[in-house]
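Student: Below is the structure I would like to discuss, written out as structure tokens.
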Amino acid sequence: MTTSSAPGKVYLFGEHAVVYGEPAVPCAIQRRARVTVEERDDDRLQVQANDLTLDGFTVTWGGETNDRPDVDVPAPLVEAAMGYIDGAIEQALDAVDVEECGFDITVESDIPLGAGLGSSAAVVVAGIDAAVRELGGELDAQAVAERAYEVEYEVQSGEASRADTFCSAVGGAVRVRGDDCRRLDDVPTLPFVVGYDGGTGDTGELVAGVRELREEYDFAADTVESIGDIVRKGEAALQRGDIEEVGRLMDFNHGLLSALGVSARSLDTMVWAAREADALGAKLTGAGGGGCIVALDRTEQTHTALEYTPGCETAFRAALDTDGVRVEE
Ligand SMILES: Nc1ncnc2c1ncn2[C@@H]1O[C@H](COP(=O)(O)OP(=O)(O)O)[C@@H](O)[C@H]1O
Ligand SMILES: C[C@@](O)(CCOP(=O)(O)O)CC(=O)O
Ligand SMILES: [Mg+2]
């Protein structure tokens, strides 16, 4: 039996635009998905996902039939989750050159799902790592990242960047542009506050929406490029340790994401609450449509303001996680 864990992330800058070759800077946060893998005697996968819904679900997959889960979970949710887990196992078998093998798999996570904190990437990264180790192999974090990207690419219907999966695999603050992925060293302390509306956005759908807008309107293509400019300025500010400028650029980034149609009333409301509480900056994180915003604030003001903001279900501080994927004893 092997357990690996991997962190979720917030985007300081650059989600969506990163899909079109602009740079992005995601940062791993101290909220993890843990995947436990145990080899079975047959070639089936039994998955227990305790935190996928309030009740969690258990499903046995593969072989002749796919069982229905033991609780009433919407079919698309189960299929998506099985897509990620199936993909992770397939990558692990390929990595160690084993043709078929069944596993009992347990997924536990304290990353809200579908909310822009990269729960999908964390589950896939931890899943690949655990399954490879269970079969006696070992991959370095970069190799896990590349294989996890293949899975996200497939499940998100051919539209994904390497940002989430690389960040979750290596940890820390990273910079991703196309297949050029690197860790950023010596970043200043980033006082993240996350606001969560309790909802979700469909990553695949939101990414497809931006693609359509970009094809139809020049302004949208220009907006994607402008996000790239903000990211480059943001990186320079980070390197100088100029957090005030980082915050200002996050505000601009949120405005441009709104123009691309991926914000939501709840996200805008939380962003404004953070701004009015004198946050250094605030923006939605991840695909958008619902889910989380990330703000920078050294004081408790934004945290407190978000807790009293209608539409914000929970707010929490999130510290940078310098660890990426790791095996859990
Ligand atoms: N705890 C979990 N157990 C099983 N599957 C999960 C879990 N967390 C996330 N997932 C999978 O990841 C999907 C959410 O991914 P996505 O829409 O990309 O949003 P995000 O990555 O921002 O959380 C879920 O619908 C599910 O398929
Ligand atoms: C919108 C996008 O840039 C980030 C999606 O992040 P998340 O799955 O919502 O955490 C898509 C991608 O990079 O694959
Ligand atoms: Mg995701």
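The values are calculated or read from the model by the stated rules, or taken from the named source; none is laboratory data. Keep in mind that what you see is a predicted model, and the values were worked out from it rather than measured. All Cβ positions, glycine included, derive from the backbone under ideal geometry; neighbour counts span all protein chains shown. Surface areas here come from the heavy atoms of the whole protein model, side chains and all, with no ligands, DNA or RNA. Shrake-Rupley method; radii C 1.70, N 1.55, O 1.52, S 1.80 Å.
Student: Which is farthest toward the positive dipole end of the chain among Ile105, Phe13, Gln239, measuring Cα position about the Cα centre, with Cβ charges +1 (Lys, Arg) and -1 (Asp, Glu)?
Tutor: Towards the positive end, the residue furthest out is Gln239.
Student: Could you report the chain's accessible area per residue, 1.4 Å probe, as an integer in Å²?
Tutor: Ligands and nucleic acids excluded, the result is 42 Å² per residue.
Student: Taking the Cα atoms of the stretch 192-318, report the difference between the largest and smallest coordinate on each principal axis, in whole Å and largest first.
Tutor: 42, 35, 20
Student: For the stretch 218-232, in order, what is each residue's ³J(HN,Hα) by Karplus, 6.51 cos²θ - 1.76 cosθ + 1.60 with θ = phi - 60°, in whole Hz (x at glycine and Pro)?
Tutor: Whole-Hz 3J(HN,Hα) from phi for the stretch 218-232: 4, 4, 6, 5, 5, 4, 4, 5, 5, 4, x, 4, 4, 4, 4.
Student: Give the carbon-plus-sulfur fraction of the accessible surface of the chain in %, rounded to a whole number; probe 1.4 Å, heavy atoms of protein chains only.
Tutor: Exposed carbon and sulfur together represent 43 percent of the surface.
Student: Could you list the residues of the stretch 271-292 with an amide nitrogen less than 15 Å from a label point located 7 Å from the Cα of Thr314 in the Cα-to-C-beta direction?
Tutor: Residues 291-292 fall inside that zone.
Student: Sticking with this one: How far apart, in nm, are the 7 Å Cα→Cβ label points at Val327 and Glu39?
Tutor: Placing both labels 7 Å along Cα→Cβ, they lie 1.4 nm apart.
Student: Only Lys, Arg, Asp and Glu count, each charged at its Cβ (+1, +1, -1, -1), so figure out the dipole size of the chain about its Cα centre, rounded to 20 debye.
Tutor: 1380
Student: Moving on to the next point. Order Asp42, Asp321, most accessible first, counting only protein heavy atoms with a 1.4 angstrom probe.
Tutor: Largest to smallest exposure gives the sequence Asp42, Asp321.
Student: I would also like to ask the following. Given 0.36 nm per residue, what is the gain on full extension from Asp229 to Glu159 after removing their alpha carbon distance, in nm?
Tutor: Fully extending the segment from Asp229 to Glu159 adds 23.0 nm.
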